[in-house]
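Down below is the structure, laid out as structure tokens.
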Amino acid sequence: MAGAEEPAGRQSELEPVVSLVDVLEEDEELENEACAVLGGSDSEKCSYSQGSVKRQALYACSTCTPEGEEPAGICLACSYECHGSHKLFELYTKRNFRCDCGNSKFKNLECKLFPDKAKINSGNKYNANFFGLYCVCKRPYPDPEDEIPDEMIQCIVCEDWFHGRHLGAIPPESGDFQEMVCQACMKRCPFLWAYAAQLAVTKVTTEDDGLVLNVDGVGDQEVITTENGAHQDNALGEDVPENRKTIVKEVKAEQTDEPCTSSSSESDLQKAFQNQHFNTESQSGCKLQELKAKQFIKKDSATYWPLNWRSKLCTCKDCMKMYGDLDVLFLTDEYDTVLAYENKGKVDQAADRRDPLMDTLSSMSRVQQVELICEYNDLKTELKDYLKRFADEGTVVKREDIQQFFEEFQSKKRRRVDGMQYYCS
Ligand SMILES: [Zn+2]
Ligand SMILES: [Zn+2]
Ligand SMILES: [Zn+2]
Ligand SMILES: [Zn+2]
Ligand SMILES: [Zn+2]
Ligand SMILES: [Zn+2]
């Protein structure tokens, strides 16, 4: 309720109300965020029986498997049940992992939830994160010796975390990109540079006739030239943007125009439609080959990508084979993204505790719905007036005050209904 603390005498009428709403909304946001990582994971059953889980919250136990031993990862439920008092590293989420709890990597521990595991999970991939070390600099997080404030960003390919300053290219504002591919992964998957020229949220400017693309932070760059020159239609059916601003604008426009492919609330029908969309696009030829025929640059840096960029990747037979060879087939899977996982968590939880207002509304007739909405509007108006009193007096709104308001509102409503009268303001 901190937002209501400001002296309100000089404020315009609506401000105190808005700030309270802001506070409530922020609360919800924080709650959503906290739920997001855990949301898609089961907190009671070991995930082992599900095999290699597409994406789950993972932990490493430095009590059971300290540095120098074999790395191992454990599921959310096991982190509570089998390692409750141990020192755990939170690994956020990782893809295609099967819980190791109690298998041959653990010398003195039996899993309480699913003891019958195979000796090892050969499909699991491990890195220094499993010993609590991150980035190319292999430091812990938080790092007591690091005084430079810097955010850690997860690479969507290798899933390691990186300091913003150790990526070879300064990250854009965090709201301006959705996913990042680290330096090493860009080197390993050079085909992404052809897409980066069109899609990536990176500072790209054209010099002269647009013949030489120049990326910020000169050095280590390689210009791939083309016989056709730069001014031609690109494979995405748009004109080649003249400068970086255009690229960013177009990317942003796409974000709003297109449905969010990662939203898990989408119907299968929609999904089927999107797949069909892909197929018709790739039938006309390989998007990657078209992009490669154009000018693009390779440099030694990470790249930053907007929402839904993965849906632009070519899915022709050759490209799919290449993704398989490079072990990045997940790039074409819209449900692989952390965003999709988080949304799934939110949807699952929403299903657990549905919004009572919406539930009630959907079970009502039209007339009842209108009445309820009128009542809701009454409530809003009265609450606004009620809160304004506090603002005028410059006092803080407390939980009890809100409770009292609802009690009064309820009794007023009862009186109205008893009198067979209904006001709708
Ligand atoms: Zn487990
Ligand atoms: Zn442990
Ligand atoms: Zn366990
Ligand atoms: Zn680093
Ligand atoms: Zn990477
Ligand atoms: Zn292709």
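The values are calculated or read from the model by the stated rules, or taken from the named source; none is laboratory data. Fair warning: this is a prediction, and the values are worked out from it, not measured in the lab. Quick reminder, even Gly has a Cβ in these numbers, built from the backbone with ideal geometry, and neighbours come from all protein chains shown. The area values use the complete protein model at the heavy-atom level, side chains included, leaving out ligands, DNA and RNA. Shrake-Rupley method; radii C 1.70, N 1.55, O 1.52, S 1.80 Å.
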Next item on the list: Output ³J(HN,Hα) for the range 122-131: one whole-Hz value per residue in order, computed from phi by the Karplus curve 6.51 cos²θ - 1.76 cosθ + 1.60 with θ = phi - 60°, and x for Gly and Pro.
Entry: 5, x, 5, 10, 10, 8, 5, 4, 5, 10
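List the pairs from LYS45/LYS87; LYS292/LYS346; LYS125/LYS317 whose alpha-carbon separation is above 30 Å, in the order I gave them. Numbers along the way, then the final one.
Details: LYS45/LYS87 21 Å; LYS292/LYS346 39 Å; LYS125/LYS317 26 Å.
Pairs exceeding 30 Å: LYS292/LYS346.
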Next item on the list: Work out the FRET efficiency for VAL367 and ARG399 from their Cβ-Cβ distance, taking R0 = 51 Å, and round it to the nearest 0.05.
Entry: 0.90
Next item on the list: List every residue whose amide H lies under 5 Å from the amide H of PHE296, counting only residues 5 or more places away in sequence or on a different chain, with H placed 1.01 Å from N in the peptide plane.
Entry: ILE224
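Going from most exposed to least, what order do ILE297, ILE373 have by accessible area with a 1.4 Å probe? Walk me through the numbers before you get to the answer.
Details: ILE297 15, ILE373 80 Å².
Listed by decreasing accessible area, they come as ILE373, ILE297.
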Notebook entry, point to check: Using θ = phi - 60° and the Karplus form 6.51 cos²θ - 1.76 cosθ + 1.60, what ³J(HN,Hα) does each residue of the range 79-92 get, whole Hz, x for Gly and Pro?
Noted result: 4, 7, 7, 9, 10, x, 9, 8, 8, 10, 9, 7, 9, 6
Check: Distance in nm between label sites at LYS380 and GLU408, each 7 Å beyond Cα in the beta-carbon direction?
Finding: 2.1
Check: Using a Förster distance of 22 Å, how high is the FRET efficiency between GLU110 and GLU70, based on the Cβ-Cβ distance and rounded to 0.05?
Finding: 0.85
Margin query: I'd like the distance separating the alpha-carbon centroids of the range 175-204 and the range 64-87, in whole Å.
Written below: 34
Note to self: Under 5 Å between amide hydrogens, which residues at least 5 positions from LEU91 or on another chain qualify, with H placed 1.01 Å from N in the peptide plane?
What the structure shows: LEU58, TYR59, ALA60
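Compare ASP348, ASP378 by solvent-accessible area with a 1.4 Å probe and give them largest first, with all protein chains kept in place. Display every interim value, and only then the final one.
On the way: ASP348 60, ASP378 5 Å².
Result, largest first: ASP348, ASP378.
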Note to self: Before I look further, what does the range 93-168 give for accessible area per residue, probe 1.4 Å, in whole square angstrom?
What the structure shows: 53
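Would you work out what percent of the accessible area of the range 100-161, with all protein chains in place, is carbon or sulfur (probe 1.4 Å)?
Working: 1960 of 3650 Å².
That share works out to 54 percent.
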Checklist line | Long-range HN-HN contacts of GLN154 with modeled amide H, under 5 Å | finding: PHE162
